[in-house]
Amino acid sequence: MPIKLIGTVILLILVTIFCGLNLGEANRCDIHLLFHTFKDVPVFFTVLLSFFVGMLVMFPFTIGNAKRKAALKEIENKAREEKREAKEQAKADAQAKKEAAHAEREEKKRAYLAEKERREQEKRALKNAREAENGVKVLKVNPANEVPVIKDETKQTAKAKKED
């Protein structure tokens with residue numbers, strides 16, 4: 001942007017000089033500064049000088065505006081980056097929460113299955129104890145499928161008594 005502004009200023013200065021030199025003797029004035037007086041100065045040169053001084057005063061603000069815009073753009077980029085990072089963090093937190101919930105469900109499932117297995121073992125032990133009270137003896141447990149091989153002592157005892 002400052003390049004376009006500088007080009008426009010130079011063009012206006014050239015046009016003003018051309019017009020001022022072609023005016024002739026009619027449009028002239030005296031300029032009084034504190035201790036010195038300029039006589040017969042063309043009016044276009046006073047306008048040109050005023051324009052030039054105004055341009056010099058405003059030029060730093062034009063360049064400062066570009067720096068401010070660059071700083072503003074940098075701040076916007078940082079804000080955008082922070083927003084993106086916050087979004088990614090929220091997504092990661094949601095994923096971690098989901099994984100934690102899944103792990104908790106799996107742990108509950110394992111605990112339930114372990115409790116169920118414990119109850120089944122208690123039932124088997126209770127059943128074996130009842131059968132032992134009724135005269136049925138468990139000889140061994142098949143480790144492959146945990147099916148007890150049962151020997152009924154009451155029947156064998158009755159057969160032994162009949163044979164005797």
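At-a-glance table
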read-out: Accessible surface of segment 1-61, 1.4 Å probe, proportion on carbon and sulfur as whole %; value: 77 percent
read-out: Cβ crowding within 10 Å averaged over residues, with 13-20, 43-50, 106-113, 121-128 ranked highest first; value: 43-50, 13-20, 121-128, 106-113
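The values are calculated or read from the model by the stated rules, or taken from the named source; none is laboratory data. Note that the coordinates shown come from a computational prediction; the quantities given were computed from them, not determined experimentally. Because the Cβ atoms are built from the backbone with ideal geometry, glycine has one as well, and the counts that use them run over all protein chains shown. Note: accessible area is taken over every heavy atom of the protein model, side chains too, but ligands, DNA and RNA are not part of it. Shrake-Rupley method; radii C 1.70, N 1.55, O 1.52, S 1.80 Å.
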